[in-house]
Amino acid sequence: MTEQETNATQALPRIRLAAHPRAEDLQIRSPRQIARVLQDLARQHALVTAYPEKSNQFAVTAVLAASADDNTLVLDEMPDEALSNQVISGATTTCVALHGRAPVEFICPLLRRGEFDGAPALLGALPTQMWRLQRRQAYRVPTPVANPIKCRLSRADGTEVSVSLVDLSVGGVGLIDYENQTTLHPGERFAGARIALPDYGLVVCDLVVRNTYPLER
């Protein structure tokens, strides 16, 4: 598998939580809270997908450090030099990551090349805009990214849709429709949803859509 193909399997879609109907409720405004989320991402070695301004391309990076006191953010240098050049030449970069298995999106102001702990890095100011989708209370079990588990939903008109399972908990599931086959609506019910779990078997359950948000690739 090439580096580009590996990055594609690890990348998260650009979800635009800022456009979510409940964006005000999802927004984090406190610099210390923003820094705390970024520090969590650094401790967890979480992958961050960075989308340069006015570009459909993306690069996979990671948060190395963040500080509200110093108003600083440090991202790992990107292996693709062309994409790295796009990032530092743009006024902003949209970044997406998973914080506790919940999507988080933040806007990085102008980034520049520098060093962190003697290694190449991208340096910038702490983001002033961050949105985090509220988490279910129960612990979420992550599912494979490269070979995603499928959830089959049967609609009232008899059509069936197959979407990818992102995580699973006693409180619900996270689903992504990478192919944009359908539009789900909060409150919509699916009776007899089917999930084939490896080494376990078929799980049949009723699902109710609680939240939705658009994604872009």
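Derivation of every value follows stated rules applied to the coordinates shown; laboratory data play no part. Please read all numbers here as calculations on a predicted model, not as lab measurements. Cβ coordinates were reconstructed from backbone atoms using ideal geometry, including for glycine residues, and neighbour counts include every protein chain displayed.
A crude spin-label estimate for the pair residue 107 and residue 43, with each label 7 Å from Cα along the Cβ direction, gives 2.9 nm. Considering only 52, 79, 198, the mean-square fluctuation computed in a Gaussian network model of the chain, springs between alpha carbons under 10 angstrom, is largest for 198.
The convex hull around the C-alpha trace of segment 141-209, projected and averaged over every direction, spans 4.7 square nanometres. Across the options 79, 62, 118, the greatest Cα extent toward the positive end of the charge dipole of the chain (unit charges at beta carbon of Lys, Arg, Asp, Glu) belongs to 62.
Rounded to the nearest 10 degrees, the inclination of helix 31-43 to the longest alpha-carbon principal axis of the chain is 80 degrees. Here the Gaussian network model covers the chain, with springs between Cα atoms less than 10 Å apart; of 203, 166, 63, 203 fluctuates the most.
With helices as the sole contributors, the chain gives -4500 deg cm²/dmol at 222 nm; each DSSP H run of n ≥ 4 counts as -39500 (n - 2.57), and the sum is divided by every residue. With a sphere of radius 9 Å drawn around the Cβ of residue 84, what net charge do the other residues whose Cβ falls strictly inside it have (Lys, Arg +1; Asp, Glu -1)? Its environment carries a net charge of -2. Does segment 88-132 come out rounded, prolate or oblate by the C-alpha gyration tensor, with a ≥ b ≥ c the root eigenvalues, rounded set by a/c under 1.5 and, if not, prolate when a/b is larger than b/c and oblate if not? Oblate shape, in that a/c is at least 1.5 and b/c is the bigger or equal ratio. For segment 150-216, the Cβ-based charge dipole about the Cα centre amounts to some 180 debye (Lys, Arg positive; Asp, Glu negative; other atoms uncharged).
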